[in-house]
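First comes the structure, then the notes that go with it.
The values are calculated or read from the model by the stated rules, or taken from the named source; none is laboratory data. In this text, all values refer to a predicted model and were calculated from it rather than measured experimentally. As a convention, Cβ positions derive from the backbone with ideal geometry for all residues, glycine included, and neighbour counts pool all protein chains shown.
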Amino acid sequence: MTTTSNPLFANIRVVELASMILAPSAAVILADYGAEVIKIEPPKTGDLNRHWHKINGLPISDMAYGFQVDNRNKKSVVLDLKTPAAYEALCKIIREADVLITNYRLKALDKLKLDYETIHALNPRIIYALATGFGEKGDEAHKPGYDTVSYWSRSGIEHQIFPYEGWLAQFPYGSGDHPSGMALFGSIMTGLFQREKTGQGCKVSTSLLANGAWSNAVMLQAQLAGAEFREKRPRDNAYNFISLHYPTSDNRLLKMSMVNTQKNWRPFCDAIDRNDLPEDPRFCDNEARVANMPTLIKELTETIQRQPIAHWTQRLDVADVPHTVVSNYEEAANDRQKEANDIIVPLDHPEHGAMRTVNSPFQVSGAEKLPAKAAPKLGEHTEEVLMGFGYSSEEIAALSEEN
């Protein structure tokens, strides 16, 4: 990636009052395109995500990899917002900001005088972006929420994919937060667009609960439409062969997504050297395949298990049948297609050296992103930022003593 002398969001100042993933992941996209993102962190601990990679069960590393991916290109300022002087310093920053992003719980925002009404009075042009677990209304508005419960479980997604045999593992860390962060980013951009039209700031918001529902909207709409849901079945008696995992001779899993069976059925059978199947009255058309699905699954499983994954991916590539190998993390991180599309990009880290990181997931023609930098150390930019707002070294030192 190359640097541009005039980043797309070069004149946008963002205040981030957030922790963990959802809200910081929205802010990092703004930072990628050149916004000045000032991350306000509490003293000593900072954002919890600085340490969350150490929890039992996650990959072991000295690097705070979870914090890195959502906090590159930001500035870290330490302020103890429970003290009047630190709160006043924050207010000075907010008065000159374009966006405030927070996922603090609603009661904490009220207690710290960081609610929308207070912030709007300080800066009527600010876009106040709020992310919550369960929304701002209702009996559960004040509950703590993380993607594991608010997004995956409450959306019905977890129920949908819960294996017939029983649960084996949890969803990957942050995998509901990041798509929810994209919704928060979209709401911020919509708010900025509205400000261009009206000259006034506004409040925008989203929740893990809403994003989980949107992710699973098709199945929820089925329920809302009164559709009849089918019972769960084990793999050998699945309703359809088109999206199952098929073991290969080298103990890999082949995954297909043969949505258009009318088009793909015969090319698929030819690719796996089973051109007898389209002629078999048990499998010749969709109605017959449905009636004989367990037998078909058994035939396909036994056939695919005779060859290694490379054999099948090559044959299915030629046949133009949608498929993939189920990647492990080493393969997923070193995917040449990701590299070709700047999904994985270089990162020159001052402590960990030359490495790579995951890019934010879209491009804008004519607007280059900033090169990825190391996430800031806790309080790394406190003096720089506060001096920019008129504080002297002595005043900053006094603030630090209060912290």
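So G191 passes all but one of these: (1) out of contact with any Cys (no Cβ under 6 Å at 6 or more places or on another chain); (2) of a type outside the set (D, E, K, R); (3) part of a helix (DSSP H, G or I). Which condition number does it fail? Unmet condition: (1). Across the stretch 104-151, the qualifying residues are those that are hydroxyl-bearing (S, T, Y) and not in a helix (DSSP H, G or I), and the one among them that is farthest from Q200 (Cα to Cα) is Y146. For the stretch 296-317, the condition of being surrounded by 12 or more Cβ atoms within 10 Å (Cβ to Cβ), free of Cβ contacts under 8 Å to residues at least 60 places away in the same chain and closer than 28 Å to Y33 by Cβ holds for none of the residues. Of all the numbered requirements in (1) at negative phi; (2) in contact (Cβ under 8 Å) with a residue 12 or more places away in the chain; (3) not small (G, A, S), D342 misses one, and that requirement is (1).
Here the condition is being crowded, with 17+ Cβ neighbours inside 10 Å, at pLDDT 95 or above, out of contact with any strand residue (DSSP E or B) (no Cβ under 8 Å at 6 or more places or on another chain) and among the hydrophobic types (A, V, I, L, M, F, W, C); of L399, L386, L378, L370, it holds for L370 alone. Of the strands (runs of 3 or more DSSP E) entirely within the stretch 196-259, those holding at least 3 residues that are closer than 24 Å to R306 by Cα occupy 245-247, 253-256.
Only residues that are among the small types (G, A, S) and part of a loop (DSSP other than H, G, I, E, B) were counted in the stretch 347-401, giving 8. For D139, the test of being farther than 18 Å from V14 by Cβ, in contact with a Gly (Cβ under 6 Å, 6 or more places away or on another chain) and acidic (D, E) is failed. Go through the stretch 23-49 and give me each residue that's over 17 Å from A89 (Cα atoms) and hydrophobic (A, V, I, L, M, F, W, C). Passing the criteria: A23, A26, A27, V28, I29, L30, A31, A35, L48. Checked against the criterion of being among the hydroxyl-bearing types (S, T, Y), at pLDDT below 95 and more than 16 Å from P247 (Cα to Cα), the stretch 261-276 contains one or more residues that satisfy it. Go through the residues of the stretch 293-314 one by one and say whether even a single one is part of a loop (DSSP other than H, G, I, E, B) and over 24 Å from S327 (Cα atoms). No, there is no match, as no residue in the stretch 293-314 is part of a loop (DSSP other than H, G, I, E, B) and over 24 Å from S327 (Cα atoms).
Being more than 26 Å from P346 (Cβ to Cβ), touching a residue at least 12 places away in the same chain (Cβ under 8 Å), hydrophobic (A, V, I, L, M, F, W, C) and not in a helix (DSSP H, G or I) is the filter here; which residues of the stretch 52-103 pass it? Selection gives V77, V78, L79, L81, A97, V99, L100, I101.
Filtering V99, V78, V149 for residues that are in contact with a strand residue (DSSP E or B) (Cβ under 7 Å, 6 or more places away or on another chain), surrounded by fewer than 23 Cβ atoms within 10 Å (Cβ to Cβ) and either at pLDDT 95 or above or of a type in the set (V, I, T) (or both) leaves a single hit, V78.
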